[in-house]
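Here is the structure we will look at, set down as structure tokens.
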Amino acid sequence: QVQLVESGGGLVQPGGSLRLSCAASGSSFRIYDMGWYRQAPGKQRELVASITSGGRTNYSDSVKGRFTISRNNAKITVYLQMNSLKPEDTAVYYCNTKPPRAGYWGQGTQVTVSS
């Protein structure tokens with residue numbers, strides 16, 4: 001069983017940066033492909049970035065070139081560096097495996113981009 005706890009969200013002005021962290025528990029973390037997902041008010045949850053167990057990354061078109069996903073298997077943590085933030089990036093951000101497992105959703109961390 002893996003438990004995931006997201007942190008690092010907050011209020012930031014357009015053009016600013018944030019770094020999200022996802023701390024995992026459970027030794028099986030290292031074998032999972034992982035993803036960062038987000039859900040904006042009134043919208044479905046979407047995958048914005050993913051990283052394989054071997055470190056290969058993929059991004060949605062909406063964040064490509066601005067967000068960077070990484071992982072530290074020794075610290076069993078996944079990160080999302082978000083630069084050049086836009087108001088449309090406002091959402092609750094979650095990490096989970098890819099594909100996501102229903103029982104692994106955490107509380108998420110709120111990111112608000114506003115002047």
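The values are calculated or read from the model by the stated rules, or taken from the named source; none is laboratory data. Since the structure is predicted, the reported quantities are computational estimates derived from the model, not experimental observations. Virtual Cβ from ideal backbone geometry, glycine too; neighbours counted across all protein chains shown. Ligands, DNA and RNA are excluded from the accessible area calculation, which covers all protein heavy atoms including side chains. Shrake-Rupley method; radii C 1.70, N 1.55, O 1.52, S 1.80 Å.
Ignoring ligands, DNA and RNA, what accessible area per residue does the range 1-77 give at 1.4 Å, in Å²?
Per residue, the range 1-77 has an accessible area of 55 Å².
Between Asn58 and Glu46, with labels modelled 7 Å along Cα→Cβ, what's the label distance in nm to one decimal, could you check?
1.6
By DSSP, what percent of the beta bridges with both residues in the chain are antiparallel, rounded to the nearest 5?
Numbers: 34 of 37 bridges.
Of the beta bridges lying entirely in the chain, close to 90 percent run antiparallel.
For the peptides 3-10, 36-43, 17-24, what is the packing order when you average, over each peptide's residues, the other Cβ atoms within 10 Å and list the highest mean first? The partial results should precede the final answer.
Values: 3-10: 16.8, 36-43: 14.9, 17-24: 19.2.
Result, highest mean first: 17-24, 3-10, 36-43.
Let a ≥ b ≥ c be the square roots of the eigenvalues of the Cα gyration tensor of the range 59-115; is it rounded (a/c under 1.5), or, if not, prolate (a/b larger than b/c) or oblate? All intermediate terms of the calculation are to be shown ahead of the outcome.
Values: a/c = 1.87, a/b = 1.44, b/c = 1.30.
In terms of gyration-tensor shape, prolate.
Just to be sure I understand the curve: with the Debye formula and one point per C-alpha of the range 42-91, what is log10 I(q)/I(0) at q = 0.18, 0.25, 0.29, 0.32 Å⁻¹?
-0.62, -1.02, -1.20, -1.31
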